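Structure, as structure tokens:
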Amino acid sequence: MTQYFVDLKDLAREKISFEGSFEPGMVDFASDNVRQVGLLDWSASADRAGGEIRIIGSLKVTLEQMCSRCLEPARCEISKPFDLFFRQRDQQMFDEDEVELSEEETRTGFFTGTRLAVGEILHEQILLALPMKALCRVDCKGLCPTCGTNLNSGDCKCPKEDFSPHMDTLLELKRRLEQRSS
């Protein structure tokens, strides 16, 4: 992964701004089952906020995942602002077996050295913005549970299951939830 680093020594004097575009492949999403299909455009500024570094920025990218219903490619456009805090890693804090973090510390990232890797920050923010269930389209019919045919392409010859009358109430709830989410 090609990296772009923010040199934190520059923050001693003034706020710094930076921006760029990463071609697909520059930020590695392979292990996350996500593929970048367009430019990852980003911009950010870094400033000292007390003993912490505050990075405010935004990103925009098009990604592709497998549809949760039919396993076909599903595109997802992400446009996301971010506002992050980083603190120099306290070695003593991390030497202990168990450490209780305060609420504030759970919202703070830690770093060592004098540089922050922008690619890692963007990677994390993109993963946090991904939908929990990727769909190729809202009305995706998915796969037949018996033969595996993609029902978006056509019907299969499998017999349709008859549901128990006790399931009618659950099916009605499911229908309402699906209408509300679309």
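The values are calculated or read from the model by the stated rules, or taken from the named source; none is laboratory data. Quick caveat, the model's predicted, so the values are computed rather than measured. Methodologically, a virtual Cβ is constructed for each residue, glycine included, from the backbone with ideal geometry; neighbour enumeration extends over all protein chains shown.
Residue check: is residue 99 farther than 26 Å from residue 5 by Cβ, among the hydrophobic types (A, V, I, L, M, F, W, C), over 17 Å from the mean Cα position of the chain (by Cα) and modelled with pLDDT of 80 or more?
For residue 99, the condition - farther than 26 Å from residue 5 by Cβ, among the hydrophobic types (A, V, I, L, M, F, W, C), over 17 Å from the mean Cα position of the chain (by Cα) and modelled with pLDDT of 80 or more - is not met.
Which residues, taken from region 24-52, are assigned to a loop (DSSP other than H, G, I, E, B), touching a Ser or Thr at 6+ places or on another chain (Cβ under 9 Å) and on the phi < 0 side of the Ramachandran plot?
Matches in region 24-52: 26, 27, 37, 38, 39.
Filter region 53-90 down to the residues that are free of Cβ contacts under 8 Å to residues at least 24 places away in the same chain and not in a strand (DSSP E or B), then identify the one that is farthest from the chain's Cα centre (by Cα).
90
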